[in-house]
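Notes for the one structure printed next.
A short reminder: the numbers here are calculations on the coordinates, not readings from a lab. It should be emphasised that the depicted structure is a prediction, and the values quoted were computed from it without experimental measurement. FYI the Cβ positions are ideal-geometry reconstructions off the backbone, even for glycines, and counts take in every protein chain you see.
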Amino acid sequence: MVLPIGDDNRDRTTTPIVNYLLIGLNIFVFIYWQHWGHNVQLTYSYSTVPGEILTGHDIVTHSQIQINPYTGQRMVQPGLGVTPIPVFLTLFTSMFLHGGLAHIAGNMLFLFIFGDNVEDAMGHVRYLIFYLLCGMLAGLCHVFTTAFLGQNLLIPSLGASGAISAVLAAYIRLFPGKKVYLWIFLFIIPVPAFIVLGVWFAFQLIDGFGMLGGQQVGDVAYAAHIGGFVFGLLLTRMFAVRYRARKRYS
C-alpha cells in the first residue's frame, strides 16, 4: 500500500482557515445531508448531470436495472430526481457531495495534505476562488468529454476531485521539491512532490485513455481530474500573487 500521509510544513506562515472550512463543509454535507451517502435522492438531485448542463433543463428519470459489462452483475441505477435549483448550479453543489466513505476519505486526505500550503501561497480569499472556479471548470470538462465521446449523458458526477486536482497542480507548480511523506507498507519515505504528484497525474492520463473507446471507466470521472489539474496549472500564477511577492522580497 502506498499512501501520502503528510508533507513538510515548516515554511508555512498562516493558518489554513479556508482549507479547514472546505474539509469541514464536505464532511458535514456527507454526514448530515447525504446521511453517510445513503440519501440517494438528494445526491442525484444535486449532482452534475451532463445532459442537464448541455440542455439547460432539469431531467427526471425512473430507476433502471443495468448490467455491469465487466462482471455481469445486475445493478439498480437510481433515477434522476427533481433538481430544485438552476441546473448550472449543480456544477457548484456537486463539489460537496461524495459517493461513499472511501470517496470522501481519500479526497479529504489529499486536500488536508496539499491544500494548506497552496492557501498559504495564495491567501485565503484567492485560494477559495481558485478552488471553486477550478472545481466548476473541471466539472465542465467532464460534461463536454462525456458528450464528445458519446457516453451516457444521464450519469451524474459528484465529488471534490476536480477542485482537489487543481490544488495538486498548484502544489506541484509552487513547491515541486517539497518533501511529501509516503507510507509504503511498513516504511515512511520522504519523496519530492513533483514525483508523487507527477506519478498521480500520469495514472489519471493512462486511466483516462480508457474513455477513448466510448465506454465509462468505472465510476471515476477522469476528465474532471485531468481538466482540474490542467486548469490548476494554468491559473496558479494568476492566483499565487502572495507567494510571488514573498519570493521577490526574500
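Per-residue answers, yes or no, for (1) in contact with a Leu (Cβ under 9 Å, 6 or more places away or on another chain); (2) part of a helix (DSSP H, G or I); (3) in contact (Cβ under 8 Å) with a residue 24 or more places away in the chain:
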| residue | (1), (2), (3) |
| --- | --- |
| 146 | yes, yes, yes |
| 153 | yes, no, yes |
| 163 | yes, yes, yes |
| 166 | yes, yes, yes |
| 170 | yes, yes, yes |
| 177 | no, no, no |
| 181 | no, no, yes |
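Are any residues in the range 169-194 surrounded by fewer than 14 Cβ atoms within 10 Å (Cβ to Cβ) and touching a strand residue (DSSP E or B) at 6+ places or on another chain (Cβ under 9 Å), and if so, which ones?
176, 177, 184, 185, 188, 189, 190, listed by residue number.
Scanning the range 23-60 for residues that are within 12 Å of residue 158 (Cβ to Cβ), within 19 Å of the chain's Cα centre (by Cα) and surrounded by fewer than 18 Cβ atoms within 10 Å (Cβ to Cβ) yields one hit, 37.
Of the residues making up the range 96-117, those that are hydrophobic (A, V, I, L, M, F, W, C) and either without any contact (Cβ under 8 Å) to a residue 60 or more places away in the chain or not in a helix (DSSP H, G or I) (or both) are 97, 102, 105. Scanning the range 188-207 for residues that are of a type in the set (D, E, K, R) and either over 16 Å from the mean Cα position of the chain (by Cα) or in a loop (DSSP other than H, G, I, E, B) (or both) turns up nothing. Within the range 18-29, the set of residues being in contact with a helix residue (DSSP H, G or I) (Cβ under 8 Å, 6 or more places away or on another chain) and farther than 13 Å from residue 131 by Cβ comprises 27, 29.
Yes/no per residue for (1) over 28 Å from residue 144 (Cβ atoms); (2) acidic (Asp, Glu); (3) not in a helix (DSSP H, G or I):
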{"residue": "6", "(1), (2), (3)": "yes, no, yes"}
{"residue": "11", "(1), (2), (3)": "yes, yes, yes"}
{"residue": "14", "(1), (2), (3)": "yes, no, yes"}
{"residue": "18", "(1), (2), (3)": "yes, no, no"}
{"residue": "21", "(1), (2), (3)": "yes, no, no"}
{"residue": "24", "(1), (2), (3)": "yes, no, no"}
{"residue": "29", "(1), (2), (3)": "no, no, no"}
{"residue": "44", "(1), (2), (3)": "no, no, no"}
{"residue": "54", "(1), (2), (3)": "no, no, no"}
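Which residue is farthest from residue 50 (Cα to Cα), if the candidates are limited to the range 94-125 and must be touching a strand residue (DSSP E or B) at 6+ places or on another chain (Cβ under 8 Å) and crowded, with 24+ Cβ neighbours inside 10 Å? Result: 117. Could you check, for the range 126-141, whether at least one of its residues is assigned to a helix (DSSP H, G or I), touching a strand residue (DSSP E or B) at 6+ places or on another chain (Cβ under 7 Å) and touching a residue at least 60 places away in the same chain (Cβ under 8 Å)? Within the range 126-141, one or more residues are assigned to a helix (DSSP H, G or I), touching a strand residue (DSSP E or B) at 6+ places or on another chain (Cβ under 7 Å) and touching a residue at least 60 places away in the same chain (Cβ under 8 Å).
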